[in-house]
Amino acid sequence: MDNQISDERSNQELSKQKTISILSWNVNGIRSAHRKGFSDWLTNVLPDILCLQEVRAKESQIEDDVAHPSGYYAYWNCARKPGYGGTGLLSRCKPVKVDMGLGNEKFDSEGRVIIAFFDDFVLINCYFPNGNRSEERLHFKLEFYKFFLQKVLDLRQQGYTVVFCGDLNTAHKEVDLANPQANKMKSGFLPQERSWIDHIINTGYLDSFRYFHPDLPNMYTWWSYLPNSRELNIGWRFDYFFIPKDKLERTADTFIMSEVTLSDHCPIGILWNTLHWKEKQILPKLEVNQLSLF
């Protein structure tokens, strides 16, 4: 009898679930993306949550239709250094709370992390450091990796369901970049960077895209600005969603939007099931003759 009641409750919960779209995108400068049509793209795609990395602007420098788009709650974590780093999060449902950063001054000055607490999950948007510039930055990247994962594990220890996404600046497997042999000794495909992703998986996480598409080749999320890199699909898969293995049933799908060309990265996404979701109303745009009435 108890099992029957439990099953009935489980079925009722499943029937109440809402499947939401969560996207992640390194825009390589939000003002540049805006000039290329970001606002139209957002209006057409209308994700439930959009995580942005490398916004490279202060909130006051971002056009209002991007900084505070209709129908979204907007959160920006900007780097102290002008024109550098930074993250943004747009959500059609208001989070219970939002934390900016990891709580460590060493890692938080570049605006790399936004942690959004929703009723039944936590979403972490992160722009991970690039280790290409110097040995010092590679060391910083690896330190950041370690501290970030401990933050995730601490939240899980507190009972939260934690999903995290963003630009990891590392390709995990040979299938995740076009020229693995030529890049084995370069940051972005170094053994110590790749082993950190192994460690994530060993702690109970799944690389959502590779779980659903384990051997699918030529699926990349970043292309260099070298001539014809994108046209020839000479790319890297730097962008990820990681989901807890024990919450796999809440992930309905995962995808790469390689047709979107407003940045050197393209958006990626998952469809995620949640029990608590109340959307903000999208206000209609006022025409010129309507504006004159006010």
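Just so it is clear, none of the values below were taken in a lab; they were calculated from the coordinates. Because the structure is a prediction, the values reported are computed rather than measured. We place every Cβ from the backbone using ideal geometry, glycine too, and count neighbours over all the protein chains shown.
If exposed GluC sites (Glu not before Pro) are those in a DSSP loop with at most 14 other Cβ within 10 Å, what is the longest stretch of the chain that has none?
On the way: sites that count: 231, 259, 287.
In the chain, the maximal stretch lacking such sites is 1-230.
Do the sum for the chain: with -39,500 (n - 2.57) for every DSSP H run of n ≥ 4, divided by all residues, what is the mean residue ellipticity at 222 nm, to the nearest 500 deg cm²/dmol? Please list the in-between numbers first.
Numbers: 9 runs with 81 residues, N = 294.
For the chain, the value works out to -8000 deg cm²/dmol.
Which lysines, on any chain, are close to residue 186 with Cα under 18 Å apart, when same-chain ones fewer than 8 places away are left out?
141, 173
For a quick check: sort 51, 165, 78 by the number of other beta carbons within 10 angstrom, fewest at the front.
Values: 51 30, 165 25, 78 22.
Least crowded to most crowded, the residues run 78, 165, 51.
Once you have the Cα-Cα distance between residue 225 and residue 96, take 0.36 nm times their residue separation minus that, and quote the gain in nm to one decimal.
Numbers: separation 129, 0.36 × 129 = 46.44 nm, distance 3.96 nm.
Answer, rounded to one decimal: 42.5 nm.
Reachable lysines from residue 247, Cα under 18 Å, same-chain residues fewer than 8 places away excluded?
Of all the lysines, those that pass the test against residue 247 - Cα under 18 Å, at least 8 places apart if same chain - are 16, 18.
Among 241, 121, which comes first, then next, by fewest other beta-carbon atoms within 10 Å? Could you put the intermediate results ahead of the total?
On the way: 241 26, 121 21.
Arranged by neighbour count, lowest to highest, 241, 121 become 121, 241.
Based on DSSP H assignment, which helices of the chain show an axial Cα extent of at least 24 Å together with a mean Kyte-Doolittle hydropathy greater than or equal to 0.5? It would help to have the intermediate numbers written out before the result.
Numbers: long enough: 135-157 (33 Å, -0.51).
For the chain, where a helix must reach 24 Å along its axis and average at least 0.5, there are no hits.
When Rg is the radius of gyration of the Cα atoms in the chain and Rh is its Kirkwood radius, what does Rg/Rh come to?
0.98
Would you calculate the convex hull of the Cα atoms in region 19-137 and tell me its volume per residue in Å³? Spell out each step's value before the answer.
Working: hull volume 13.5 nm³, N = 119.
Per-residue hull volume (Cα only) is 113 Å³.
What list of ³J(HN,Hα) values in whole Hz, one per residue of region 54-68 in order, does the Karplus curve 6.51 cos²θ - 1.76 cosθ + 1.60 (θ = phi - 60°) give from phi, with Gly and Pro shown as x?
Couplings: 6, 6, 6, 6, 6, 4, 5, 8, 8, 4, 4, 6, 9, 5, 9 Hz.
In sequence order, what are the phi-derived ³J(HN,Hα) couplings for region 260-267 according to the Karplus relation 6.51 cos²θ - 1.76 cosθ + 1.60 with θ = phi - 60°, rounded to whole Hz, with x for glycine and proline?
Once rounded to whole Hz, the list reads 8, 10, 7, 8, 6, 9, 10, x.
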